[in-house]
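The values are calculated or read from the model by the stated rules, or taken from the named source; none is laboratory data. Because the structure is predicted, anything quoted here is derived from the model rather than measured. Glycine also receives a Cβ, built like all others from the backbone with ideal geometry; neighbour counts cover every protein chain displayed.
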Amino acid sequence: MKTLLTKITVATAAGAALSLGVMGANPAQAAIFDLEWSGEFFGNGASATGFIDFDPAQIPNPGNNFNLIVDDFSVTVTGATIGNGTFTLADFGQFIFQTPLNSPLDFTQELVGQPATPPALPFGTAGTFGEAGDFNIFSNLSNPNAPNGTFFFQLTTGGETGQNLTLTSFAPRSTTPPASVPEPASVLGLLAVGALGTACKFKGKKNREQNRTQNSTVPRSLAQQQSH
């Protein structure tokens, strides 16, 4: 019995360690951001909307990444004279992101317009030469109608033959909060209670078996006396 309890205790401890290890893991977390571009700055009525799914931890903050790993992407162009339609990750070969100089960004908030440390300018300021950072996408030329990055924060529709658009929004998509995860102490408590219950159940079963064995081995002399 003692040996079994020892085994149960060891198994419980191992299970707790495994559970805590899984809970303590902190893998990279991708996030989805909704995107908007407008031709208003250039005096045209074209626009584009889309989203990008990537892990912001890839970007030194502040800093840049000229080969951003993107899990998913889509952009839909409307109102242009050429290059309207929806284009996906398969149409693009490079994504770049750059914060304003010496100015970290808060990726939990709308990025366009976030203030920067002078002489840098707020992220997404149109018509700048890198002082406000950059976000851009570049076609892999597999689709001649796909928009392409042509300047800081600027896209040109129709494979650079259409209208110019500038980035106007780069906002994190709101999501449903994840279900609460039990605290490590709670997990240990539940595992301990489960182990104790198992041990008690086994002990009770063993006692019942011993009682049945004792009752079935009545001495022969006593059995003979009871028969008279």
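Here Gln109 clears all of (1) assigned to a loop (DSSP other than H, G, I, E, B); (2) crowded, with 18+ Cβ neighbours inside 10 Å except the condition numbered (2). For segment 165-180, a residue qualifies if it is of a type outside the set (A, V, I, L, M, F, W, C) and modelled with pLDDT of 95 or more, and the qualifying residues are Thr166, Thr168, Ser169, Pro172, Arg173. Looking across Gly83, Gly133, one residue alone is buried (at least 20 other Cβ atoms within 10 Å of the Cβ) and over 16 Å from Thr156 (Cα atoms). It is Gly133.
Rundown of residues vs (1) in contact (Cβ under 8 Å) with a residue 40 or more places away in the chain; (2) within 14 Å of Trp37 (Cα to Cα); (3) not β-branched (Val, Ile, Thr), yes/no style:
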site	(1), (2), (3)
Ser103	yes, no, yes
Gln109	yes, no, yes
Ala116	no, no, yes
Ala126	yes, yes, yes
Gly130	no, no, yes
Asn136	yes, yes, yes
Asn145	yes, no, yes
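The set of residues from segment 122-158 being in a loop (DSSP other than H, G, I, E, B) and either within 19 Å of Phe92 (Cβ to Cβ) or touching a His at 6+ places or on another chain (Cβ under 9 Å) (or both) comprises Asn140, Leu141, Ser142, Asn143, Pro144, Asn145, Ala146, Pro147, Phe152, Phe153.
The condition of being within 20 Å of Trp37 (Cα to Cα), among the small types (Gly, Ala, Ser) and part of a strand (DSSP E or B) holds for Gly93.
Table: residues versus (1) in contact (Cβ under 8 Å) with a residue 60 or more places away in the chain; (2) under 27 Å from the mean Cα position of the chain (by Cα).
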residue	(1), (2)
Asn44	yes, no
Val77	yes, no
Ile82	yes, no
Phe87	yes, yes
Gly113	no, yes
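Would you mind stating whether Asp34 is under 18 Å from Phe107 (Cα atoms), surrounded by fewer than 19 Cβ atoms within 10 Å (Cβ to Cβ) and touching a residue at least 60 places away in the same chain (Cβ under 8 Å)? Against the criterion (under 18 Å from Phe107 (Cα atoms), surrounded by fewer than 19 Cβ atoms within 10 Å (Cβ to Cβ) and touching a residue at least 60 places away in the same chain (Cβ under 8 Å)), Asp34 qualifies. A single entry from Gln114, Gln94, Gln58 fulfils the requirement of being under 20 Å from Pro172 (Cα atoms) and surrounded by fewer than 20 Cβ atoms within 10 Å (Cβ to Cβ): Gln58. When Leu101, Leu141 are screened for being under 23 Å from Asn67 (Cβ atoms), of a type outside the set (D, E, K, R) and in contact with an Asp or Glu (Cβ under 8 Å, 6 or more places away or on another chain), only Leu101 passes. Only a single criterion out of (1) touching a residue at least 60 places away in the same chain (Cβ under 8 Å); (2) crowded, with 21+ Cβ neighbours inside 10 Å is not satisfied by Gly159, namely (2).
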